[in-house]
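Asks: Sharing a structure here in structure tokens format.
No value in this document is a laboratory result; all are computed from the given coordinates. These numbers come from a predicted model, not from an experiment. Quick reminder, even Gly has a Cβ in these numbers, built from the backbone with ideal geometry, and neighbours come from all protein chains shown.
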Amino acid sequence: MTVLAIDDPRWSDFVGAQSDATIFHHPVWAKLLADSYGYRAMAVALSDGGALVAGLPVVDVSLPLGRRRWVSLPFTDHCPPLAGVRGAELAGALSEVARASRLDRLEIRAPLGEEHGIQSHAPFVLHQVAVTGDVAATWKGLRRNHRRSVADAEEAGVRVVRGESAADVETFYRLHLQTRRRLGVPVQPRRFFALLLERVIRTGLGFVLTAHRDNVPVAGALFCAWNGTVMCKYSARADGFTKIDAIHLLFWSAIRWACENGYHTFDLGRSEVQQTQLRSFKDGWGARETPLAYSWIASAPVKLGGNRSHELLGVLIRNSAPWLCRATGELLYRYAT
């Protein structure tokens, strides 16, 4: 087993040769997370005859006075190992690395099997739309209510603009802040979005879509696009615009763009199993829903459950000025891995 710096050319060459790699395997993503939140990024890989044959990106999120913990990857919905037929071999090697590095926990945001003392839990589902170059067929694959909502938004004068500039990211950030405040969760630090603009959007690995009505931004979404997959990483809506279906037009615009530009998958990310309304919204785009399990190699049983302090913070954020949502994000977001 080899532990590499995340920007080691061997890792980037390996990832670039994998048809199932996503932007989350790309070294730019793990490096972005590490630099945004003050962690260390690396790649853990198997080699054969000097060539890498399996592996995954990892971020060391250990704190000076806390337990030793690696995650593949924090702030990321899913990141399956790139292993091919060597999945069992990689799982065993990861168990050895965890013991040798004296980790309290190594978390993999994907299924990893049940051997080698690996713990697993499946609290999520993953939504992905298979797209082709046939826009008309893809449109017909949408649920009827979704097609109607797209048409209603167009009739209401909503227009969607694709952008890649600092101004586009700033507009999205303002919409995102409103959305996170409504949800009662801290917003990511501004540094994260500045680095995302620099390393993902300006390098051709992503873009922003903004929906306008009467020149007012009413919804937005930030997408990553690489290796055949367009991934919706974040979406947001302005306060007070729930009835004009701008989000529907925005999502359809992204799916149509994926069809027209040779992509094969539109990834809507994960939902928690109990989020039935969100799951229905995502499935309405013709998405295939599959169970998503997370795996842990840990020195003790992993305990999962709600956090009362998070619930109290949510109530506080929802009922406070926007600055509190920003401030808690700047101070605390790096700990919400």
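Asks: Against the 2.2 N^0.38 Å scaling, with N counting residues, where does segment 105-171 land? I'd like the Cα-based Rg ratio to two decimal places.
Replies: Relative to the rule-of-thumb radius for its length, segment 105-171 sits at 1.86.
Asks: In addition: Residue 194 to residue 7: extension gain in nm, 0.36 nm per residue of separation minus the Cα-Cα distance?
Replies: Extending this stretch completely gives an extra 65.3 nm.
Asks: Using the crude model of +1 on Lys and Arg Cβ and -1 on Asp and Glu Cβ, and no other charge, please compute the dipole size for segment 132-263 relative to its Cα centre, in debye to 20.
Replies: Dipole about the Cα centre, nearest 20: 440 debye.
Asks: For 12, 235, what ranking results if the residue with the fewest other Cβ atoms within 10 Å of its Cβ goes first?
Replies: 12, 235
Asks: If I take every Cα pair under 8 Å that is 6 or more residues apart in segment 132-263, average their sequence separation and divide by the length, what percent do I get for the relative contact order?
Replies: 33 percent
Asks: Here's something else I'd like to know. Which far-off residues, 5 or more places away or on another chain, put their amide H under 5 Å from the one on residue 286, with H placed in the peptide plane?
Replies: Sorted by chain and number, the residues that satisfy this are 143.
Asks: Test of understanding: in a Gaussian network model of the chain with alpha carbons linked when under 10 Å, which of 152, 214, 104 would top the mean-square fluctuation ranking?
Replies: 214
Asks: Turning to a different aspect of this structure: Return the whole-Å distance between the Cα centroid of segment 73-127 and the Cα centroid of segment 205-255.
Replies: 32 Å
Asks: Looking only at Cα atoms, what is the convex hull volume of segment 132-263 per residue, in Å³?
Replies: Spelled out: Cα convex hull of segment 132-263, divided by residues, is 105 Å³.
Asks: Sort 245, 134 so that the residue with the fewest other Cβ atoms within 10 Å of its own Cβ comes first and the one with the most comes last. Walk me through the numbers on the way to the answer.
Replies: Working: 245 22, 134 11.
Fewest-to-most Cβ neighbours within 10 Å comes out as 134, 245.
Asks: With axes computed from alpha carbons, what is the tilt in degrees of helix 27-37 against the longest principal axis of the chain, rounded to the nearest 10 within 0 to 90?
Replies: For helix 27-37, the angle is close to 90 degrees.
Asks: Along the positive direction of the dipole of segment 133-249 (beta-carbon charges: Lys, Arg +1; Asp, Glu -1; about the Cα centre), which of 156, 189, 232 reaches farthest?
Replies: Farthest along the dipole direction, towards plus: 189.
Asks: With charges set only on the Cβ (+1 for Lys and Arg, -1 for Asp and Glu), what does the dipole of segment 6-142 come to about its Cα centre, in debye to the nearest 20? Could you put the intermediate results ahead of the total?
Replies: Working: 12 positive and 15 negative charges, 83 e Å.
Computed charge dipole of segment 6-142: roughly 400 debye.
Asks: For segment 172-180, just list the computed ³J(HN,Hα) in residue order, Karplus coefficients 6.51, -1.76 and 1.60, θ = phi - 60°, integers in Hz, with x standing in for Gly and Pro.
Replies: Result, ordered by residue: 4, 4, 5, 5, 5, 4, 4, 5, 5 Hz.
Asks: Counting pairs on different chains as well as pairs 8 or more places apart, how many Lys pairs in the chain have Cα atoms under 27 Å apart?
Replies: 7
Asks: Report the normalised scattering of the chain as log10 I(q)/I(0) at q = 0.09, 0.13 Å⁻¹, calculated by the Debye formula with identical scatterers on the alpha carbons.
Replies: The Cα Debye sum returns log10 ratios of -0.50, -1.07.
Asks: Treat the count of other C-beta atoms within 10 Å as a stand-in for reagent exposure and order 158, 53 from fewest to most.
Replies: 53, 158
Asks: Sticking with this one: May I ask which residue of 251, 179, 323 lies farthest towards the positive end of the charge dipole of the chain, with charges of +1 (Lys, Arg) and -1 (Asp, Glu) on Cβ and the Cα centre as origin?
Replies: Working it through, the farthest residue towards the positive pole turns out to be 323.
Asks: Quick query: amide H of residue 218 versus all other amide H atoms, modeled in the peptide plane; which residues come in under 5 Å with a sequence gap of 5 or more or a different chain?
Replies: Sorted by chain and number, the residues that satisfy this are 211, 212, 213.
Asks: Using the C-alpha atoms of segment 1-128, what convex hull volume per residue, in cubic angstrom, is computed?
Replies: 116 Å³
Asks: Using the crude model of +1 on Lys and Arg Cβ and -1 on Asp and Glu Cβ, and no other charge, please compute the dipole size for the chain relative to its Cα centre, in debye to 20.
Replies: 1000 debye
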